[in-house]
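S.K.: Following this message is one structure expressed as structure tokens.
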Amino acid sequence: MTPVAGLHWFKSSNSENGGACLEVAADLVVSQGVVPVRDSKCVAGPVLTVASSAFTGFVAGVKSGGVSA
């Protein structure tokens with residue numbers, strides 16, 4: 001299990017204030033190779049950990065227009 005206490009969470013600066021946002025923490029990329037992701041509306045809720053390579057691919061897809069919201 002990946003420890004999530006004490007992580008530094010952030011949202012994209014492009015996030016609108018509509019409440020449908022995700023937060024990510026980059027604290028574990030180097031040490032464990034994962035990016036923790038959580039729902040910004042439920043910060044005490046579950047945390048999904050995504051392999052950093054998969055998260056990098058997702059971000060690249062969004063930036064290129066290959067992944068739409």
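S.K.: Kindly report the accessible area of the chain per residue (heavy atoms of protein chains, probe 1.4 Å, no ligands, DNA or RNA), in Å². Let's see the in-between values first.
M.R.: Details: 4900 Å² over 69 residues.
On a per-residue basis, 71 Å².
S.K.: On to the next question. Pick the calculated Kirkwood radius over Cα pairs in Å for this structure from [x] 13.6; [y] 12.8; [z] 12.1?
M.R.: Among [x] 13.6; [y] 12.8; [z] 12.1, the one calculated here is [y].
S.K.: Could you tell me what percent of the accessible area of the chain is made up of carbon and sulfur, with a 1.4 Å probe and every protein chain present?
M.R.: Answer for the chain is 60 percent, counting heavy atoms of protein chains only.
S.K.: Using the basic label-point model (7 angstrom from Cα toward the beta carbon), what is the residue 50 to residue 20 distance in nanometres?
M.R.: With each label point 7 Å from Cα toward Cβ, the separation is 1.6 nm.
The values are calculated or read from the model by the stated rules, or taken from the named source; none is laboratory data. Computed from a predicted model, the values in this text were never measured in an experiment. Note: ideal-geometry Cβ built from the backbone for every residue, glycine included; neighbour counts use all protein chains shown. Side chains included, ligands, DNA and RNA excluded: accessible areas come from the protein's heavy atoms. Shrake-Rupley method; radii C 1.70, N 1.55, O 1.52, S 1.80 Å.
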